[in-house]
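The values are calculated or read from the model by the stated rules, or taken from the named source; none is laboratory data. All values reported here derive from a predicted model rather than from experimental measurement. Cβ sites come from the backbone with ideal geometry, for glycine too, and all protein chains shown count toward neighbours.
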Amino acid sequence: MKNIDSHSHVRGESIYLDDIPLVEGTLFACVFDSPIAHGKIKSIDTSEAEKCDGVVRVITAKDLIGENQIGGIVPDEPLLADGEVHFCGQPIAIVVATSEELARKAAKKITAEIEPLEVVTDPRVAAANSDLIVPPKTFVLGDTAAAFMDCEFVFEGRTEQNGQEHLYIETQGAYAVPMENGGLKVYSSTQGPTAVQRAVCRVTALPMHKVEVDVQRLGGGFGGKEDQANAWAAICAVATQLTKKPVKYALHRMEDMRMTGKRHPYSSDYKIGLDKNLKIVAYEATFYQNAGAACDLSPPVLERTLFHCTNSYYIPNVTATAYCCRTNLPPNTAFRGFGGPQGMFVIESAIAHAAEKFGVSASEIQRRNLIDDGDEFPYGQKAESEAITSWTQADEKYDLAALQKEADDFNANSKYFKKGVAVMPVCFGISFTKTPMNQARSLVHVYTDGSVAVSTGAVEMGQGVNTKIAQVAATVFGIDVADVKVHTTNTLRIANTSPTAASAAADLNGKATQLACDTIRNRLFEVAKELVEAASINDLSVRDGFVFRNDEKTSLTWASLVMEAHLQRVNLSEHAHYATPGIHFDWTNAKGHPFAYHVYGTAIVGVTVDCLRGRYEVDYVKCCHDFGTSMNTAVDLGQIEGGIVQGIGWMTMEEVVYDADGRLRSNALSTYKVPDIYSVPKEIDVLQLETSRNNLAIFNSKAVGEPPLMYGIGAYFAIRNAIKSFTDRSPGFDCPFTPEKVLLNLYPDES
Ligand code: MTE
Ligand code: LUZ
Ligand code: MOS
């Protein structure tokens, strides 16, 4: 089944924030943001801007009616800088004008006198200064200190990982419209309608029941709109409250790149101990997370790094510590994988390091240490593992040894082109690691013509969640998907939503929809039972628009059943609540069962490096992926392909560059390169893992949004392997592997 949005997407008819028709009298906002990364604000001069054509109002921190604060986890993020600035791009003032152009023109006329303070951009420097946003977190399994003493081989090293720009096609934005009695309706391009509602209420001092947030769909979020859509909605809300006019703000690309946070860069240390059979006996890792200037979602991102620090491997002795370091960069935030990829890169680096010293392929160490059923993760949960099966099935289908031999043969005969192969196993936990967030609600109406409307807390951002939710309703009722409409995500219809994140939206909101539809169907079948004289509702089903009794078609249509039930005054609506059962986590001992289940897979990645120019191509990504039982293979394959390409982009060409003054240099599409059609892998082959275990996923169809991104990490190690067949020197573990960096590693003596 196709994504239900495909027709309107291709025709350009799908509605995004910028397609919402504007109300008469709408004004436009634009932000004046800090030109420097750290300083004391001496004065702000808005007088020239106020005199500009079309300017209705200029707003600074002192004008806010509510609290000047949007920090969700830690209250350390003013909406508008007050007294100090902490990063380049931090909003200081809002200009509201009669057109977008006039607002932007006037914002350029604002000046601020800011006395510079020391700028820190390095997380290790922040940690040395004890500038941590929350206390460090540690996971311990077994006893690493004792285990290292017994290890025959111990290797230590350091890794550097850079950030990643989300580059959703639709930039951040919001549109606030005043309602009666001081209320507001806010359209926002957000993954978290409730997070936006809370932020808006805080800065306007409105109670939540007076603020309605509505989301049709996003042109991509990738985590960048889990928390960071809040500021723009709050800015529009404040401007609407003060002008009593609708206010819209859709960021330009360079504003978005400059002012919003990205994937967290990390600097990390590892120590790995193995026995002579290549079993990993002990592993220690220390992560320095570059959180940026405010907390945002950094602590849970940091936690997910710890949760994924051993990836798909069972290691009996683990100590992992993570520091949440405050720097003068825009606050970094959620990004597909949410810290998991950062944890995985470090263990993969440690394994590659050990393999090099042993003179074996990293895949030998990887394979011998895969986690098995019943093995314990460092956080106490026991694995129901598909790590070995996905590896075995990938190897059977794609023949790792043959792929390696093909590369070796090629390399023996080629001086300046070298091929490299790497394997990337992935194990990713599904559930928000904050247990209370794992809940969702669904509101289902069956109308008297038999058509069905569904509302949930899930936000459609291209990942196909609405398609899956429509499929759930259609499957439970036995009707056509075309008879189900999934409506906008709206805080009046669905309250207190968790953001659409953690890959869990289809599971949580799909399960709630399933519960609501089950209830309505059972009521309808009670009516049908009498009409078609069935013994039990269990004998009934709906197919092709008719009610069936014991698989035998009756003359009762679905639509007439619905109308008859309505005439009998049966309730045709239901609001259902779902909370993932069985999950818990206790931070006092850092143990528990935080995940509903894990998604596993194994990818084999092959690349060719041009050793004269440093350029490379990804020849193939061949993976065996654990779908559970996919309820929509087309959507899931799209997620896998997109995730792989986004992961490869992070590992190879995407380079976020801040200078020492904390100014973003890669601030436009001319200086920040993402994968395009020419740089995607020439081949992506996906094998569906054959497994029939039960899980807590919707219809057994496992979450797929984030896990495939981490297959992309294999591209880094494949490039590294290709380089190693050209030169004797081994590259460090420092991503992304841009062509420039590849070249420097190919000719280390010249650099
Ligand atoms: N796919 C598209 N096309 N656009 C997106 O913004 N976000 C990813 C992933 N796939 C994203 C995407 C991220 S970060 C997450 S957490 C999941 O989708 C969220 O949706 P799900 O829970 O429905 O999988
Ligand atoms: N967001 C969040 C997430 O708040 N908690 C999580 O555990 C998470 N995991 C992945 C992506 N977003
Ligand atoms: Mo995704 S990082 O959970 O929005």
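Summary of computed values
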{"read-out": "Any pair with Cβ under 6 angstrom, 6 or more apart, that starts in region 224-248 at a residue that is of a type in the set (A, V, I, L, M, F, W, C) and ends at one that is within 16 Å of ligand 1 (Cβ to nearest atom) and not in a loop (DSSP other than H, G, I, E, B)", "value": "A229/S188; W232/G173; A233/S188"}
{"read-out": "Yes/no for G647 being closer than 30 Å to Q471 by Cα and in contact (Cβ under 8 Å) with a residue 12 or more places away in the chain", "value": "yes"}
{"read-out": "Qualifying position, being surrounded by fewer than 19 Cβ atoms within 10 Å (Cβ to Cβ) and closer than 21 Å to I4 by Cβ, among D544, D518, D483, D551", "value": "D544"}
{"read-out": "Matching option when the condition is within 16 Å of ligand 2 (Cβ to nearest atom) and either farther than 30 Å from N328 by Cα or not assigned by TED's automatic domain parsing to the domain that holds E460 (or both), among G643, G614", "value": "G643"}
{"read-out": "Lone qualifier among N496, N490, N589, N571 - being farther than 25 Å from P708 by Cβ, within 16 Å of ligand 2 (Cβ to nearest atom), out of contact with any His (no Cβ under 6 Å at 6 or more places or on another chain) and not hydrophobic (A, V, I, L, M, F, W, C)", "value": "N496"}
{"read-out": "Per-region count, region 21-39, residues over 16 Å from R663 (Cα atoms), over 30 Å from the mean Cα position of the chain (by Cα) and not hydroxyl-bearing (S, T, Y)", "value": "5"}
{"read-out": "Selection within region 217-233 - surrounded by fewer than 24 Cβ atoms within 10 Å (Cβ to Cβ) and within 16 Å of ligand 2 (Cβ to nearest atom)", "value": "G220"}
{"read-out": "Residue list for region 225-275, restricted to those being within 27 Å of E160 (Cβ to Cβ) and among the small types (G, A, S)", "value": "G261, S267, S268, G273"}
{"read-out": "Residue match in region 724-743 (condition: crowded, with 20+ Cβ neighbours inside 10 Å and within 16 Å of ligand 1 (Cβ to nearest atom))", "value": "no"}
{"read-out": "The one condition in (1) under 25 Å from I70 (Cβ atoms); (2) touching a residue at least 60 places away in the same chain (Cβ under 8 Å); (3) of a type outside the set (V, I, T); (4) in contact with a strand residue (DSSP E or B) (Cβ under 7 Å, 6 or more places away or on another chain) that E160 fails to fulfil", "value": "(1)"}
{"read-out": "Hits in region 56-71 (condition: in contact with a Lys or Arg (Cβ under 8 Å, 6 or more places away or on another chain) and among the polar types (S, T, N, Q))", "value": "Q69"}
{"read-out": "From the options C236, C201, residue that is more than 24 Å from T456 (Cα to Cα) and either crowded, with 24+ Cβ neighbours inside 10 Å or not hydroxyl-bearing (S, T, Y) (or both)", "value": "C236"}
{"read-out": "Set A506, A502: member being assigned to a loop (DSSP other than H, G, I, E, B) and within 16 Å of ligand 2 (Cβ to nearest atom)", "value": "A502"}
{"read-out": "Within region 265-288, tally of residues that are crowded, with 24+ Cβ neighbours inside 10 Å and outside any strand (DSSP E or B)", "value": "1"}
{"read-out": "Some residue of region 375-393 being within 24 Å of L687 (Cβ to Cβ) and free of Cβ contacts under 8 Å to residues at least 12 places away in the same chain", "value": "yes"}
{"read-out": "Pair list, Cβ under 7 Å, 6 or more apart: region 498-516 residue assigned by TED's automatic domain parsing to the domain that holds A458 and within 10 Å of ligand 1 (Cβ to nearest atom), other residue part of a helix (DSSP H, G or I) and charged (D, E, K, R)", "value": "A506/K468; G510/K468"}
{"read-out": "Exclusive hit being within 15 Å of ligand 3 (Cβ to nearest atom), of a type in the set (K, R) and under 30 Å from S99 (Cα atoms), set K248, K262", "value": "K262"}
{"read-out": "Total residues in region 189-236, condition small (G, A, S), within 15 Å of ligand 3 (Cβ to nearest atom) and out of contact with any Lys or Arg (no Cβ under 7 Å at 6 or more places or on another chain)", "value": "7"}
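Yes or no, residue by residue, for (1) buried (at least 18 other Cβ atoms within 10 Å of the Cβ); (2) without any contact (Cβ under 8 Å) to a residue 60 or more places away in the chain; (3) basic (K, R):
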{"residue": "K2", "(1), (2), (3)": "no, no, yes"}
{"residue": "S8", "(1), (2), (3)": "no, yes, no"}
{"residue": "E13", "(1), (2), (3)": "no, yes, no"}
{"residue": "L17", "(1), (2), (3)": "yes, no, no"}
{"residue": "G25", "(1), (2), (3)": "no, no, no"}
{"residue": "G39", "(1), (2), (3)": "yes, no, no"}
{"residue": "K42", "(1), (2), (3)": "no, no, yes"}
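Yes/no matrix, rows are residues, columns are (1) surrounded by fewer than 19 Cβ atoms within 10 Å (Cβ to Cβ); (2) not β-branched (V, I, T):
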| position | (1), (2) |
| --- | --- |
| K109 | yes, yes |
| V125 | yes, no |
| D131 | yes, yes |
| F148 | yes, yes |
| R158 | yes, yes |
| L167 | no, yes |
| M179 | yes, yes |
| G183 | yes, yes |
| G192 | no, yes |
